[in-house]
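*Asks:* Sending over a structure as structure tokens; questions will come in a sec.
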Amino acid sequence: MYLRHLFLLYALCCAWPARAAILESFRYANEGQLAAAWRAMGGAPDAQNATDGVAFLCPFDQDRDRVYWDHTANLDLSRFTSIELDLTCDRPEALRAFMIYFKSGNGWFVASQPMKAGGRQRLVFSKQAFTAEGNPTGWNRIEAIRISPWRGSPVRARLVLHQLEARTDQLFLIQSVSSAPNAAERAVAERATERMSSWLRGAGIPHAILREDQLAADKLAGSKLLILPYNARPTAPQLALYRKHLAAGGKLIVCYSQSEELAKMMGVTLGEAISHREPGRLAGFRFENPNALHVPPTVYQQSWGLRIAQPQKGRGRVIANWINANGAPQPEPAWISTDAGFWMTHILLDDDRAGKEQLLTGLIGSLDPSIWATAARAAAATCGKIDGFGSLRDTVEGIAKLAHGHPDRVGINALLNQAEREQQQLNNHLANGQFVAATEQAREIRKLLTLAYSRAQRPPEKETRAIWDHDGVGWYPGDWNRTMRELKAAGINTIFVNTLWAGLAHYPSKTVPGSFTLRKYGDQMQAALDAARANGIAIHAWVVLWYIGNAPPEFQAKLRKEGRLQQSANGTPEAWLNPALPENQRYMLSAIEELARNYPVDGIHLDYIRFPSANADFSPASRRLFEEWYGRKIVTWPSAVQSGAPQAEFRRWRAGLITDFVRTLRKSLKGTNPKTKLSAAVWGGYPDTIPSIGQDWGLWLRNDLLDFVAPMNYSEDTYKFSALTQKQLDLSNAKGRILPGIGVTAAESQLRPDQVVEQIAIARRLGAPGFALYKLSQTMRQETLPLLSEGAIR
């Protein structure tokens, strides 16, 4: 019975929307036909017929970095927007990446994706994501297809490919290019688009990304919905296309635009733009009638500004308002529903991935009900995949095995049994075409399995369970006691509180300018310290070095005038102090010494203990100081130190500057308070951090310059997280001193609770002394920690 339902479920899951063409069915009568169709290249094993596709073996337990197979084709893919591959992978950790190539003339179109999970799945490659190798003629002339897995972990894997499709999407994300006022805003818009695309993929909603410079009437013909994640000032031709789209019956979802014309088109009147510096002022938004749209009652994100908007009379209404960190409603509208679609007064930010996926599914489903079928099938296909297990049955069996001998085994098994019963109801909903109900049922199944998974964990009696507080005010600005009580109850025993930046302090300082937070809420270092002590939580002062982009403008101007800032290769000033200058090192040392002297914190936690990128620092001051150190003049600056003979010495000099600062600080703290621990948040990809950002943290551990490091291993790819952590723990003198950073709500990763449990379990299996969670967000408070406290950190 179970297998029959599983087959039904996957058959339904494969019934994706129309406007797709099968490029390869992976069905061959015999091995001879298969060998002629898919040629093994570069020593790869021959492809093999499988029950429902073609098997490609990846012998990555041998010394090879990739395998690949070629297939001759004669295709015109110019009218399609996405490529979709249906496959099964038994050992996803073996693959660093899965790449697909389309040959055209004298070149290839190439795209890559990580293999994040095992079991049967679909990889979707937007044509926007393909890059060109060589000089391909065009998508209208495809002559061959190549598949190429690349080695990750040294184990053998088996891929079974079931079907390859080309898809013409009807939902487009419009990525800002010309509508952005500058390069910095274009980067923000690109990230907003990628973020939204990730959420839509998670919700199983087919879509494609179109850059504004690719917009054309023929590409939008037949489209049902356009989403503008952040398009500040669309041009007149772009507005004309949007107007034509609406006239043809299409809809728009717009997030924060400054265009009066676009607002008018959408039935919205724009008001003033507001910004603020008050943590928790805009902490999320709450819907008036969430059930009507099938959206969450509340969605969380920390916004620092918005453009007020109101619906035009007779065309729409406010459906959600902003709330603050205490949940109190704010006067500003967050979402407006109109006859043209939806308007948001800000953009969607990183926090609350699950909420954002449900939000977008509900909003899109209200405009185009046909997507509910697709979303339901995708949710049904993935809701049972917890902890890398490939199916609901694997998950249930795996968690039951974990729970063997567990004190709460009966309760855990009851949750698993309930999940299986609800799976039956889900299958019935799908079979009866009740797709909204099926989608909601799938969410409940995942919650049950995640709760069982967390309860089945056996946390060690002693470990560091840390959390980063980026805003430096806790969850409830002005009430540190409440935050610390809740952290203690959840099982957190260490907190990194961000109270000092290079140009701001959230406490009274004679060295560093005071912040808005200090003026509004008072001394945050003392308040956090008192509350931590009362609740038995270790507190480390999180110090952001060198960066002054959030400092008072007059302070920045003074330092710029004095020549104390870094510069990029083209001479653009960076909002970073130059660590090569002795006066900057003395300034930062003085600030940290003052903090450690006035507040008996358990530790000092360094961040940005590096250069901003490989493209810094090339200021005149750094040129002079490097030449003195190097012992000769550099004639062609900065090109010579970027790619010439002195490059290696320049990189060694940069890394040495940062190491010297750490060494000096270590010595200073030993004199101030020998019990104060010194640690750092570091980039995970060591030793590549040495040439790129001058961060030789492996040396710092070897030489006992730090007590521990927290590598920011932020990734949604469990196998990448595992490989990074293992590599770090293998470093010399690293035992007991690696606290892997888990990116729950980071820019690089937004993790579901089950993914957080899994990464904690991996850190424990590998022998880490604990972990650090990023960050103290509302998602952490409302969703992640309550789940973890059920078992994973009980």
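The values are calculated or read from the model by the stated rules, or taken from the named source; none is laboratory data. Nothing here was measured: the structure is a model prediction, and the numbers come from that model. Every residue, glycine as well, gets a Cβ built from its backbone with ideal geometry; the counts of neighbours run over all protein chains shown. When the accessible area is computed, the model is the full protein with side chains, heavy atoms only, and any ligands, DNA or RNA have been set aside. Shrake-Rupley method; radii C 1.70, N 1.55, O 1.52, S 1.80 Å.
*Asks:* Please go through the stretch 132-172 and give me each residue that is within 22 Å of the chain's Cα centre (by Cα) and assigned to a strand (DSSP E or B), ordered by number. Walk me through it before giving the result.
*Replies:* The initial filter retains those residues of the stretch 132-172 that are within 22 Å of the chain's Cα centre (by Cα), namely 152, 172.
Once the filter is applied, which keeps residues that are within 22 Å of the chain's Cα centre (by Cα) and assigned to a strand (DSSP E or B), the stretch 132-172 yields only Phe172.
*Asks:* Test Ala655 against the criterion of being touching a strand residue (DSSP E or B) at 6+ places or on another chain (Cβ under 8 Å) and either within 26 Å of Phe496 (Cα to Cα) or not in a helix (DSSP H, G or I) (or both), and give yes or no. Even if it seems obvious, please write down each step before you answer.
*Replies:* Details: touching a strand residue (DSSP E or B) at 6+ places or on another chain (Cβ under 8 Å): no; either within 26 Å of Phe496 (Cα to Cα) or not in a helix (DSSP H, G or I) (or both): yes.
Criteria not met by Ala655.
*Asks:* May I pose another question? Assess whether Val160 counts as being touching a strand residue (DSSP E or B) at 6+ places or on another chain (Cβ under 7 Å), open to solvent by less than 20 Å² (accessible area, probe 1.4 Å) and modelled with pLDDT of 95 or more.
*Replies:* Values: touching a strand residue (DSSP E or B) at 6+ places or on another chain (Cβ under 7 Å): yes; open to solvent by less than 20 Å² (accessible area, probe 1.4 Å): yes; modelled with pLDDT of 95 or more: yes.
Considered against the rule, which asks whether it is touching a strand residue (DSSP E or B) at 6+ places or on another chain (Cβ under 7 Å), open to solvent by less than 20 Å² (accessible area, probe 1.4 Å) and modelled with pLDDT of 95 or more, Val160 comes out as yes.
*Asks:* Would you confirm whether any residue within the stretch 293-314 is farther than 30 Å from Ile445 by Cβ and touching a helix residue (DSSP H, G or I) at 6+ places or on another chain (Cβ under 7 Å)?
*Replies:* yes
*Asks:* Can you name every residue in the stretch 523-548 that is of a type outside the set (A, V, I, L, M) and either in contact (Cβ under 8 Å) with a residue 40 or more places away in the chain or crowded, with 17+ Cβ neighbours inside 10 Å (or both)?
*Replies:* Within the stretch 523-548, the subset of a type outside the set (A, V, I, L, M) is 523-524, 526, 530, 533, 535-536, 540, 542, 546-547.
Of everything in the stretch 523-548, those that are of a type outside the set (A, V, I, L, M) and either in contact (Cβ under 8 Å) with a residue 40 or more places away in the chain or crowded, with 17+ Cβ neighbours inside 10 Å (or both) turn out to be Asp523, Gln524, Gln526, Asp530, Asn535, Gly536, His540, Trp542, Trp546, Tyr547.
*Asks:* If I ask for residues that are among the β-branched types (Val, Ile, Thr) and touching a Cys at 6+ places or on another chain (Cβ under 9 Å), which ones from the stretch 316-364 would you list?
*Replies:* Applying the first criterion (among the β-branched types (Val, Ile, Thr)) to the stretch 316-364 yields 318-319, 323, 336, 338, 345, 347, 361, 364.
Correct list: Thr345, Ile347.
*Asks:* Residue check, Phe60 against (1) crowded, with 20+ Cβ neighbours inside 10 Å; (2) closer than 24 Å to Pro136 by Cβ; (3) touching a residue at least 40 places away in the same chain (Cβ under 8 Å), all met but one. Which one?
*Replies:* (2)
*Asks:* Filter the stretch 719-769 down to the residues that are among the charged types (D, E, K, R), in a helix (DSSP H, G or I) and under 21 Å from the mean Cα position of the chain (by Cα) and list them by number.
*Replies:* Of everything in the stretch 719-769, those that are among the charged types (D, E, K, R), in a helix (DSSP H, G or I) and under 21 Å from the mean Cα position of the chain (by Cα) turn out to be Lys720, Asp754, Glu758.
*Asks:* I'd like the residue in the stretch 553-583 that is among the charged types (D, E, K, R), more than 22 Å from Thr664 (Cβ to Cβ) and part of a helix (DSSP H, G or I) and, out of all such residues, is most open to solvent (accessible area, probe 1.4 Å).
*Replies:* Out of the qualifying residues, it is Lys561.
*Asks:* On to the next question. Do any residues in the stretch 622-647 that are in contact (Cβ under 8 Å) with a residue 24 or more places away in the chain and surrounded by 14 or more Cβ atoms within 10 Å (Cβ to Cβ) have Cβ atoms under 9 Å from those of residues that are in a helix (DSSP H, G or I) and basic (Lys, Arg), where the two are at least six apart or on different chains, and which pairs are they?
*Replies:* Matching pairs, first to second residue: Ser622/Arg654; Phe626/Arg654; Pro638/Arg623.
*Asks:* Here is a follow-up. Of all residues in the stretch 461-519, which are of a type in the set (Lys, Arg), open to solvent by 50 Å² or more (accessible area, probe 1.4 Å) and in contact (Cβ under 8 Å) with a residue 12 or more places away in the chain?
*Replies:* The first filter runs over the stretch 461-519 and keeps only residues of a type in the set (Lys, Arg), leaving 462, 465, 482, 485, 488, 510, 519.
With the extra rule that they be open to solvent by 50 Å² or more (accessible area, probe 1.4 Å), the set shrinks to 462, 482, 485, 488, 510, 519.
Result: Arg485, Lys488, Lys510.
Yes/no per residue for (1) modelled with pLDDT under 95; (2) not in a loop (DSSP other than H, G, I, E, B):
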| position | (1), (2) |
| --- | --- |
| Leu3 | yes, yes |
| Leu9 | yes, yes |
| Trp16 | yes, no |
| Leu34 | no, yes |
| Asp70 | no, yes |
| Asp86 | no, yes |
| Tyr101 | no, yes |
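*Asks:* A further question on this structure: Considering Ala334, Ala354, Ala320, Ala273, which residue is surrounded by fewer than 17 Cβ atoms within 10 Å (Cβ to Cβ) and either in contact with a Leu (Cβ under 9 Å, 6 or more places away or on another chain) or not in a loop (DSSP other than H, G, I, E, B) (or both)?
*Replies:* Numbers: Ala334 fails: surrounded by fewer than 17 Cβ atoms within 10 Å (Cβ to Cβ); Ala354 fails: surrounded by fewer than 17 Cβ atoms within 10 Å (Cβ to Cβ); Ala320 fails: surrounded by fewer than 17 Cβ atoms within 10 Å (Cβ to Cβ).
Result of the check over Ala334, Ala354, Ala320, Ala273: Ala273.
*Asks:* Check Ala616, Ala591 and return the single one that is over 30 Å from Arg482 (Cα atoms) and either assigned to a helix (DSSP H, G or I) or open to solvent by less than 30 Å² (accessible area, probe 1.4 Å) (or both).
*Replies:* Values: Ala591 fails: over 30 Å from Arg482 (Cα atoms).
Among Ala616, Ala591, only Ala616 is over 30 Å from Arg482 (Cα atoms) and either assigned to a helix (DSSP H, G or I) or open to solvent by less than 30 Å² (accessible area, probe 1.4 Å) (or both).
*Asks:* Which residue out of Leu349, Leu359 is buried (at least 17 other Cβ atoms within 10 Å of the Cβ), assigned to a helix (DSSP H, G or I) and at pLDDT 95 or above? Can you show your working first?
*Replies:* Values: Leu349 fails: assigned to a helix (DSSP H, G or I).
Within the list Leu349, Leu359, the selection yields Leu359.
*Asks:* Condition first: more than 20 Å from Gln214 (Cβ to Cβ) and either basic (Lys, Arg) or surrounded by fewer than 18 Cβ atoms within 10 Å (Cβ to Cβ) (or both). Now tell me which residues in the stretch 118-132 satisfy that. Break it down into steps so the answer makes sense when it comes.
*Replies:* Just the residues of the stretch 118-132 that are more than 20 Å from Gln214 (Cβ to Cβ), to begin with: 118-123.
Arg120, Arg122, listed by residue number.
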